[in-house]
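Heads up, the thing below is written out as structure tokens.
The values are calculated or read from the model by the stated rules, or taken from the named source; none is laboratory data. What you are looking at is a predicted structure, and each value in this text was computed from that prediction instead of being measured. Cβ: placed from backbone, ideal geometry, glycine included. Neighbour counts: every protein chain shown.
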Amino acid sequence: MNPASSSSGRLAALRRVITLAKRRAPDFWQLARMHRPIGIYLLLWPTLWSLWIAAGGVPSGRLLLIFTLGTVCMRAAGCCINDYADRKVDGKVKRTLDRPIVAGRVSPREALYACAALCLLAFVLVLFTNRFTLMMSLGGLVLALCYPFAKRYTHLAQVVLGAAFSWGCVMAFTAATNTLPASAWLLYLANVFWTVMYDTEYAMVDRDDDLKIGVKSTAILFGRADRLILGVLQVLFLLTLALSAQRFGLGLWFKGGLLIAAGMFVYQQVLIVHRARDKCFQAFLHNNQVGVVIFVATVVDFGMA
């Protein structure tokens, strides 16, 4: 065989692979919801403030990198398995008509492969922590994979999501200290309250469609009591964080952040007062700013100590 011809063939094959990757990349980018990073932020902020508290101040750069990249990977994996689970109903909801699986741009099998690859990458990242954190990560994986299917069987799917989204809070302690103090579960519980609250706001956007197609959610379960229950969840979130502040010795800067967050929750209540879809979605998005405020308050409190 002519070496020049063989080299030319390999180069042509490589070019075809690159061309195919460029063509398919936007579809998988959308599947992983990387064009809508709000889910990354809502998962990342509580993980970071827990990491700061666990480290008693600024955590190591290594842990910051591991948890940030791990958050991105697991959120993306969650989106892949969510779209796989919802592939038969997304076409009936106006907001999700253009998702890659429904539109035929990504096959269900490809979505599963993408989810597995992202979970594997997150697992590799955890290998650079410790054995305790490695074992804890398995629980987080199970919760993350269960959520998309939970809404087929229970109206409390948002609680399952809260359990999954809050797992990084306790993993932050095992990674930073190789221990899991009982007080860490206060941060976990606080984030469960917050996640159920903001994901209910999100579910309120699709409530009419979900009722038609039989998808369950807390927005449907709460019914006309939704705004009252969301208010209770907001108060529980703030009270649990205040109790956490007492247990971990956080001071006035952190408590000031909680007061600001309380005012932001009042604003969200104003947004959802008429349960308009666009306003409910706006309230959901506003929780990113709540997360930023609490994270900044945590960082400043340790910095001023």
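A few remarks follow.
- The criterion of at least 1 residues that are free of Cβ contacts under 8 Å to residues at least 60 places away in the same chain and in contact with a Gly (Cβ under 6 Å, 6 or more places away or on another chain) is met by the following helices (runs of 4 or more DSSP H) wholly inside segment 144-256: 167-177, 184-205.
- Residue match in segment 59-79 (condition: within 22 Å of Leu180 (Cβ to Cβ) and not in a helix (DSSP H, G or I)): yes
- Scope segment 149-203; condition hydrophobic (A, V, I, L, M, F, W, C), more than 15 Å from the chain's Cα centre (by Cα) and within 18 Å of Ala77 (Cα to Cα); matching residues: Phe149, Ala150
- Unmet requirement for Val170, which otherwise passes all of (1) modelled with pLDDT under 95; (2) within 17 Å of Thr195 (Cα to Cα): (1)
- Some residue of segment 112-131 being assigned to a loop (DSSP other than H, G, I, E, B) and among the charged types (D, E, K, R): no
- Scanning segment 34-84 for residues that are over 20 Å from Leu121 (Cβ atoms) and of a type in the set (S, T, N, Q), we see that the one that is surrounded by the fewest Cβ atoms within 10 Å (Cβ to Cβ) is Ser60.
- Looking only at segment 271-305, residues that are of a type outside the set (A, V, I, L, M, F, W, C) and either touching a strand residue (DSSP E or B) at 6+ places or on another chain (Cβ under 8 Å) or surrounded by 19 or more Cβ atoms within 10 Å (Cβ to Cβ) (or both) come to 4 in all.
This table checks each residue for (1) modelled with pLDDT of 95 or more; (2) polar (S, T, N, Q).
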position: Ile66; (1), (2): yes, no
position: Val72; (1), (2): yes, no
position: Arg75; (1), (2): yes, no
position: Asp86; (1), (2): no, no
position: Val89; (1), (2): no, no
position: Val93; (1), (2): no, no
position: Thr96; (1), (2): no, yes
position: Ala103; (1), (2): no, no
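- Exactly one residue out of Arg95, Arg105, Arg152 is among the basic types (Lys, Arg) and surrounded by 15 or more Cβ atoms within 10 Å (Cβ to Cβ), and it is Arg105.
- Residue among Val270, Val232, Val299, Val266 that alone is within 23 Å of Pro37 (Cβ to Cβ) and at pLDDT 95 or above: Val299
- Filter result (of a type in the set (Lys, Arg) and either under 12 Å from Cys280 (Cβ atoms) or at pLDDT 95 or above (or both)) within segment 192-223: Arg207
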